[in-house]
Amino acid sequence: DELAPKASKELALGELQERARRFDSLAAQLEKRVQALRQQERWPLSPKVLAANRSLMRISRILNAPTSAINGKWDQDLYGLTTLRTVFPSLYPIEELGRMDPEALETRMLRTRLVRNRNWVADCLKEAVATAESALEALA
């Protein structure tokens with residue numbers, strides 16, 4: 001939500017926001033189910049508990065890179081960067097894009113990088129939503 005007003009039309013973040021809100025809702029439901037499961041089942045030996053744990057670990061792995069990296073899943077980021085303090089650090093340069101000359105090569109390169117990063121984050125959120133939905137079905 002913090003970056004959406006700063007994004008240009010070609011970098012529209014509406015779908016990304018919808019996926020993030022959907023995941024947030026599912027994560028809250030999943031947390032409630034896991035808490036109830038802790039009360040009902042023998043923690044941590046129950047098959048349901050083990051399945052829930054696997055789902056939570058998968059979600060963590062899916063969201064770890066887009067919420068903590070600038071350069072992607074496998075590249076090294078510098079520590080202490082301001083961009084690492086945002087929810088999706090790889091999208092932080094959206095603010096900078098609006099202040100750049102639209103015809104400059106650097107602007108086009110940054111725009112391309114931001115589109116790729118937006119798509120990467122959207123794919124990760126899509127996968128996290130699907131995993132959370134599957135986990136909720138399994139725990140029903």
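A few remarks follow.
- Accessible area ranking (1.4 Å probe, heavy atoms, ligands and nucleic acids excluded), largest first, for Met109, Met100: Met109, Met100.
- Accessible surface for Leu139 stands near 20 Å², nearest 10, in the context of the full protein assembly shown (1.4 Å probe).
- Ranked from largest to smallest solvent-accessible area, with a 1.4 Å probe on the protein heavy atoms, Arg22, Arg54, Arg116 come out as Arg116, Arg54, Arg22.
The values are calculated or read from the model by the stated rules, or taken from the named source; none is laboratory data. It should be emphasised that the depicted structure is a prediction, and the values quoted were computed from it without experimental measurement. Quick note on the areas: whole protein, heavy atoms, side chains included, nothing else; ligands and nucleic acids left out. Shrake-Rupley method; radii C 1.70, N 1.55, O 1.52, S 1.80 Å.
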